[in-house]
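Below is one structure, written out as structure tokens, with a few remarks after it.
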Amino acid sequence: MRFLLLDTNVIIHAHELEIWQELTKRSEITVAGTVLRDESLYYYRPDTGAKVYLNLEDDLRAGRIRELTVPADSPRELSATLPRTIKLDAGELESLAGLARATEPYHFCTGDAPAVRVLVLLGRAEQGISMEKMLEKSGLRHKLDAQFTEARFREYVRHARAECAQTVKLRPQPK
């Protein structure tokens, strides 16, 4: 798959499942700088609880992944347009701000409902992709945690669309 923009939780789950290296060989992966340098640093092994450190900088230097460059003010500007009830981490906010400005046809892969909600608010739900579908399109199949399944992703989209249709509107962006 080309033009994959991955959230931290997807990167960590791919490492937990020990499919990260294969995924980087089969797909064109892009990550926001915050995800790369601040959020995807380590995880705890589900089976032992041992802390496992990640070094995505090595993947970047080796050309296995790319970094999404986002103007410094873009995440702040996007945040100002969102309902106050939506809480995103910095990597999600940067990724979504980059997606909103990108000319490339990125597919944002996340397992977080608030991030999917923002995709819907931005009118870009079609640019979202579940980890399950991403792996399938990359020729990989694996049993995933529920939050990464296609069914859950579609549920997040349906819920966000229904909510948007009833009450939620983006606030005007500051000039």
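Once both axes come from the Cα atoms, what is the angle between helix 90-101 and the longest principal axis of the chain, in degrees from 0 to 90, rounded to 10?
70
Taking the Cα centre of segment 4-166 as origin, sum charge times position over the Cβ atoms of Lys and Arg (+1) and Asp and Glu (-1), and report the length of that vector in debye to the nearest 20.
340
Rounded to the nearest 0.05, what FRET efficiency is calculated for Arg141 and Thr85 with R0 set to 45 Å and r the Cβ-Cβ distance? Show your work: numbers first, answer last.
Details: r = 36 Å, r/R0 = 0.79.
So, using R0 = 45 Å, E works out to roughly 0.80.
Taking neighbour Cβ counts within 10 Å as the exposure measure, how do Met134, Met1 sort from fewest upward?
Met1, Met134
Work out the FRET efficiency for Glu126 and Asp47 from their Cβ-Cβ distance, taking R0 = 41 Å, and round it to the nearest 0.05.
It comes to 0.65.
What is the distance in Å between the Cα centroid of segment 31-47 and that of segment 106-124?
19
Taking the chain as a Gaussian network, Cα atoms linked when under 10 Å apart, which of Glu150, Glu126, Glu39 shows the biggest mean-square fluctuation?
Checking each option, the largest mean-square fluctuation is seen for Glu126.
Which of Val120, Val35, Val10 comes first, and how do the rest follow, when ranked by fewest Cβ neighbours within 10 Å? Each step should come with its number before you reach the end.
Working: Val120 21, Val35 26, Val10 30.
Ordered from fewest to most neighbouring Cβ atoms within 10 Å, Val120, Val35, Val10 come out as Val120, Val35, Val10.
Placing +1 on the Cβ of each Lys and Arg and -1 on the Cβ of each Asp and Glu in the chain, which of Leu23, Leu6, Gly123 has its Cα farthest towards the positive end of the resulting dipole?
Gly123
Normalised by the residues of the chain, what does the relative contact order come to in percent, with Cα pairs under 8 Å and at least six apart? Please list the in-between numbers first.
On the way: 254 pairs, mean separation 43.3, N = 175.
Once normalised by length, the contact order is 25 percent.
To test your reading of the geometry: what angle, between 0 and 90 degrees and rounded to tens, separates the Cα axis of helix 150-166 from the longest principal axis of the chain?
Relative to the chain, helix 150-166 is tipped by roughly 10 degrees.
Tell me, what ³J(HN,Hα) does each residue in segment 122-133 have, in order and in whole Hz, if you take phi through Karplus 6.51 cos²θ - 1.76 cosθ + 1.60 with θ = phi - 60° and put x for Gly and Pro?
Per residue, the Karplus-derived 3J(HN,Hα) values read 7, x, 10, 4, 5, 8, x, 8, 6, 5, 4, 5 Hz.
Sequence-distant or interchain residues sharing an amide H contact under 5 Å with Leu5, placed H: which?
Hits under the 5 Å cutoff: Thr30, His107, Phe108, Cys109.
Read-outs: derived from the displayed coordinates by stated rules, not from any lab. Not measured: the values here are computed from a predicted model. Cβ atoms come from the backbone with ideal geometry, glycine included; neighbour counts cover every protein chain shown.
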